[in-house]
Structures are given as structure tokens and as C-alpha cells.
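A short reminder: the numbers here are calculations on the coordinates, not readings from a lab. These numbers were taken from a predicted model, which means no experiment stands behind them. Here the Cβ is made from the backbone with ideal geometry for all residues, glycine too, and neighbour counts use every protein chain on show.
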Amino acid sequence: MNGAYENILNKASQQCRDRGERLTPKRERLLALLLEADGPKSAYDLIAEHEQVYGESLAAMSVYRMLNFLVEAGLVHKLATTNQFLACSHISCDHAHEVPQFLICDDCHGVEEVGMQRNLLNELKASAAKVGFTMGGQQLELHGRCQKCSGSETN
Ligand SMILES: [Zn+2]
Ligand SMILES: [Zn+2]
Ligand SMILES: [Zn+2]
């Protein structure tokens with residue numbers, strides 16, 4: 001386990017304690033799998049990987065429960081458009097979490113989490129407010145092609 005990784009897990013369990021909850025060893029294992037992943041994972045990917053790495057098979061229901069916990073704790077994000085999960089890239093950061101914008105590559109399925117620009121967010125809020133709509137906590141999921149995949153294009 002390298003230092004950066006350990007630091008992230010320490011921050012993660014601190015974040016849970018701050019919420020009066022606990023990052024149990026089981027939840028921590030799931031988070032660790034997501035931190036080590038090179039892309040977003042479905043619950044079923046995680047069940048398979050958990051069995052491979054820890055030699056223990058988990059029931060889908062308990063995996064969903066643990067994932068929900070991690071999402072609520074702000075440690076993991078759920079991508080609604082692909083029904084996959086990924087570890088937050090800002091767990092060890094001290095700044096407040098911005099409204100996340102996920103750039104999802106439809107070729108390599110890699111995802112980048114970037115903070116949404118304040119003025120863009122305000123514009124969205126304003127246009128919703130025009131019709132009397134109040135935006136809640138949001139995330140934006142944008143599909144397309146990452147730099148690596150667009151770069152390898154020949155045409
Ligand atoms: Zn995040
Ligand atoms: Zn950050
Ligand atoms: Zn890509």
C-alpha cells in the first residue's frame with residue numbers, strides 16, 4: 001500500500017466518523033477496489049473482483065447497500081447513465097467538493113471527474129429558475145471521447 005493510497009483511506013474513514021458512521025472493513029475493501037480500478041465498475045464487476053482479491057463472495061444486495069453508503073458518504077459517485085460506480089477523485093483534498101462533471105469516454109469507458117465551473121452551474125440554475133424549478137444536488141454526465149481515444153483516430 002503506498003502512502004497516497006493510505007492517506008486516502010485515512011481521510012475516507014475520518015469522513016465517515018465525521019458523519020457519525022463507520023468505514024467498516026467490508027466497506028473499506030469495496031472502496032479500495034474502486035480506488036485501484038482504472039475505470040468505473042458495476043456492482044457485478046465489484047462482486048467478481050472482491051471474490052478474486054479477497055476470496056469471499058458477496059451478495060448483490062449487500063454490495064448495493066455498501067455502495068449506497070459510500071455514495072451517501074461522498075466517497076464514491078454513481079454514474080446514472082451507465083449504472084456504474086467510481087471512487088471520488090477528491091477524497092484526500094481539503095477543498096469543498098464541487099458539483100461534479102463526469103466526462104465519460106464511450107470508447108475506452110474511462111471517466112474523468114472535473115469540477116463544474118461556477119458560472120455554468122449558475123446559468124443552469126437560472127434557466128431552471130425561470131420556470132420555477134429549483135435544482136437540487138446535481139452531477140453532470142457527459143458522454144464522448146477522451147483525448148487518448150480521439151488522438152488515435154486516423155481520419
Ligand atoms: Zn468527487
Ligand atoms: Zn480535489
Ligand atoms: Zn477513451
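With the Kirkwood sum run over all distinct C-alpha pairs, region 1-93 has a hydrodynamic radius of 13.2 Å. Backbone phi angles across region 5-14, fed through the Karplus curve with coefficients 6.51, -1.76 and 1.60 (θ = phi - 60°), yield HN-Hα couplings of 5, 4, 4, 4, 5, 5, 4, 4, 6, 5 Hz in residue order; Gly and Pro are listed as x.
Listed as lacking a disulfide-compatible partner in the chain: Cys16, Cys88, Cys93, Cys108, Cys149, by the criterion of no other cysteine Cβ under 4.7 Å. Simple point charges give the picture: +1 on the Cβ of Lys and Arg, -1 on the Cβ of Asp and Glu, and for region 74-154 a dipole about the Cα centre of about 260 debye.
The chymotrypsin sites (Phe, Trp or Tyr not before Pro) of region 33-137 meeting both criteria, a DSSP state outside H, G, I, E and B (loop) and at most 14 other C-beta atoms within 10 angstrom of the site's C-beta, are Phe133.
About its Cα centre, how strong a charge dipole does the chain have in debye, to the nearest 20, once Lys and Arg get +1 and Asp and Glu get -1 at the Cβ?
Details: 15 positive and 20 negative charges, 115 e Å.
Dipole magnitude for the chain comes out near 560 debye.
Beta bridges per DSSP, both residues in region 98-155: antiparallel share near 50 percent.
Calculated on C-alpha atoms, the gyration radius of the chain divided by its Kirkwood radius gives an Rg/Rh of 1.00.
From its DSSP helices (H runs of at least four residues, each -39,500 (n - 2.57)), the chain gives a residue-normalised ellipticity at 222 nm of -14000 deg cm²/dmol. Expressed to the nearest 5 percent, the antiparallel share of DSSP beta bridges inside the chain is 65 percent. Taking other Cβ atoms within 10 Å as a rough exposure proxy, Thr134, Thr81, Thr24 sort from fewest to most as Thr134, Thr81, Thr24. Here's the list of aspartates and glutamates a cross-link from Lys125 could span, going by alpha-carbon distance under 16 Å and ignoring same-chain residues fewer than 8 apart: Glu98.
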